[in-house]
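All remarks here apply to the structure that follows.
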Amino acid sequence: MNWQDKTAVVTGASSGIGAATARQLAGMGMRVFLVARRLERLLGLQAEITSAGGRAEVAAADLRSEVERARVFEQVGAADVLVNNAGFGWYGYYSEMTWKTAREMLETNVAATAHLTSLFLPGMRARNRGHIINVGSISGSIPSQGVALYGATKSFLDNFTTALARELRGTRVFASVVRAGPVRTEFGETALNKENGGHVPTEKIGVTSEAVAWEIWKLLLRPRRVIYVPRWLQIVPWAELSFGWIIDRIGPLLLKRQGRRIQKA
């Protein structure tokens, strides 16, 4: 498809993968709607994009709210691309995760994706043109200690996207999930700042947000149901089947060590 002058909605656009994706799509000639809570950051990104010759509009919203999600849809109207990127993580024992944090994660990582998709997808179907891209995680394929609920939300994205892709087969509307490994963003800092949250063990390694954004752009040019970033991670689901027992033994030790670090702090 020719995406020049088409409209893209990017959630979680105030930082990390969302901001990088917005820059990437705007740089390729798309009109981008920037969606996130932090208005000042969105305005800064909008200024950056427009100064580079791109087009960006701000749709500040707290995607935990159903009312605000509907308001984003009303502001945008028809969209050709929806990048469901908004989400956050938390690391630690699920028994120590407050329900407030758990509910916010479900609303942001799951409900916002499902709701926004339900709002924008019918228009895409009517025009027979569009692409839903859900930014998932390799953790959705590997149930792991410390990220029980986060991994479950990403498993939802895997299942949801696969079902959508099959429903849309034979049309010019596509659904894709990005199974990303560790990415150098504010993810770890955000997780730590949540009540009872701990350091994410992989927070200092990983690919750049720009690398993920480039793969998202390539998805628009060559639609596929799933991509891994980096690509070698496609072996991980198979490794889980064969070597999951290693995670069973080593994973809990890492989580216990993290718990001791938190107590000392």
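Values quoted throughout were computed directly from the atomic coordinates according to the rules given, and no laboratory measurement underlies them. Because the structure is a prediction, the values reported are computed rather than measured. Counting neighbours? That spans all protein chains shown, and the Cβs are built from the backbone with ideal geometry, glycine included.
Site pair residue 37 and residue 128 shows an inter-label distance of 4.2 nm when each label is modelled 7 Å from Cα along Cα→Cβ.
For residue 175, the residues whose modelled amide H falls within less than 5 Å of its own, excluding neighbours fewer than 5 places apart on the same chain, are 132. Counting Lys and Arg as +1 and Asp and Glu as -1 over every other residue whose Cβ lies under 11 Å from the Cβ of residue 23, the net charge comes to -2. Once you wrap a convex hull around the alpha carbon atoms of region 26-87, what is its projected area averaged over all directions, in nm²? Averaged projected hull area, Cα only: 4.2 nm².
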